[in-house]
Amino acid sequence: MLNIFTLANGRLFQEEIESLEELTKFQPIWVDLEAPTLEEKRWIKQHYGLSIPEDAMDEDIEESARFYEEDNGELHIRSDFLIDDDEDPRSVRVAFILNQHNANLKSRGVLFSIHDEDVPVFRLLRMRARRAPGLIEDAKEVLLKLFDADAEYSADTLENIYDELEKVSKQVLAGDVTDALAGEVLGAIARQEDLNGRIRRNVMDTRRAVSFMMRSKMLNAEQFEEARQILRDIESLDNHTAFLFDKINFLMDATVGFININQNKIIKIFSVASVALLPPTLIASVYGMNMKFPELELLGPAAYPYVIGLMLASALGPMWYFRKRGWLK
């Protein structure tokens, strides 16, 4: 899908392009390619003289491979954007290309973004730019606003994580955590820990991208100050992710502690039962020897009930003692 965005009266207007002829009719400041086909890439190259690299969305982590400027003046930035999906939270690699200086190409002053799937931050910016006149001034502003919206999206996701952890916290701290509930709690904690880690990695990547924009001296004074504000917001998000990691670790330890308590209760029951059955076992061993016992001969037919009763009494005695001491709870 190929979408272009033109700027009119301070607002962004979106057009979906389905042919090269349609592309030539507009003068956009932003061209967004979502899972572009080979034909759409050919349109971009033919009209703008821009070649989209085959490795545009590779998973390279080296800064030199993700933030650089070509000899022809094209600025390349590859950054990750978060998708907070309940079933499959993930990060999507987006490649940005911006020609700032080369006036010989029609791509000058146009931001190109390439990605494999729809990104919520892009939808958020499009909605805001349609409703807020003057929000976007040029292609650099689009890129900066995308990173700003990404930081805000990460902040909203962190708030959702905290809300989910609060629900888990109430379950854990209420006590009486069964093994089944502990399994559910551990699963929920693991999901939130994974999402929190993704957010931390995502904001770290955003920080690197914004810092690169500041170092490249591509921003005017107002945009530079806005970039600094984004970095301050990211710093606060870093602190919040660290706080959530501490809370996750606490809930994890508390849940594992309840599991250990439940296991200890089971082991305690087996231990008490083993100790309580020792006297009856001893009595059965003694009277099971191949010899005559005077008391049994005196009792005659009542010898068997006598031995059984003695074994029961020797078992109930320790059980009564254990119960009195509270060891059976």
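The values are calculated or read from the model by the stated rules, or taken from the named source; none is laboratory data. Note that this is a predicted model, so its numbers are computed, not measured. Please note: Cβ atoms are built from the backbone with ideal geometry, for glycine as well, and neighbour counts cover all protein chains shown. Each accessible area value is taken on the protein alone, full model and side chains, heavy atoms only, with ligands, DNA and RNA left out. Shrake-Rupley method; radii C 1.70, N 1.55, O 1.52, S 1.80 Å.
Here are the numbers:
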| read-out | value |
| --- | --- |
| Lys324 accessible area, assembled protein chains, probe 1.4 Å, Å² | 150 |
| Ratio of Rg to Rh over the chain (Cα coordinates, Kirkwood Rh, two decimals) | 1.39 |
| Top positive-direction residue, dipole computed over the chain with Cβ charges, set Asn160, Leu125, Ile83 | Asn160 |
| The chain: most fluctuating residue of Val272, Val307, Val94 per GNM, C-alpha cutoff 10 Å | Val307 |
| Kirkwood hydrodynamic radius over Cα pairs of the range 272-329, then Stokes diffusion coefficient at 37 °C and 0.692 mPa s, in µm²/s | 262 |
| Length-normalised contact order for the chain - Cα pairs under 8 Å, 6+ apart - percent | 14 |
| Within straight-line cross-link reach of Lys45, lysines at Cα separation under 22 Å, skipping those fewer than 8 residues along the same chain | Lys25, Lys106, Lys140 |
| Label-point gap, in nm, between Met1 and Phe250 - each point 7 angstrom along Cα→Cβ | 4.2 |
| Shape parameters for the range 151-198, alpha-carbon atoms, Rg then Dmax in Å | 12.1, 39 |
| Difference of contour (0.36 nm per residue) and Cα-Cα distance, Leu20 to Ile266 | 81.3 nm |
| Over the range 105-217, volume per residue of the alpha carbon convex hull, in Å³ | 138 |
| Accessible heavy-atom area order of Tyr153, Tyr304, Tyr162, Tyr321, highest first, probe of 1.4 Å | Tyr304, Tyr321, Tyr162, Tyr153 |
| C-alpha long axis of helix 139-173 to longest principal axis of the chain, angle in ° | 10 |
| Sequence of Thr241, Thr24 when ordered by accessible area, the most exposed leading, probe 1.4 angstrom | Thr24, Thr241 |
| Nearest 10 degrees, 0 to 90: helix 278-287 Cα axis against the chain principal axis | 40 |
| Heavy-atom SASA rank of Phe212, Phe26 (probe 1.4 Å, accessible area, largest first) | Phe26, Phe212 |
| C-alpha long axis of helix 221-276 to longest principal axis of the chain, angle in ° | 10 |
| Where labels lie 7 Å past Cα in the beta-carbon direction, separation of Leu316 and Arg191 in nm | 5.2 |
| Listed residue (Trp327, Ala151, Gly49) projecting farthest to the positive dipole end of the chain, Cβ model | Trp327 |
| In nm, spacing of pseudo-spin labels at Asp176 and His47 (7 Å Cα→C-beta vector) | 6.6 |
| The range 87-187 - percent relative contact order, Cα under 8 Å, separation 6 or more | 18 |
| Gyration tensor over alpha-carbon atoms, the range 221-329, equivalent ellipsoid semi-axes in Å | 72, 11, 6 |
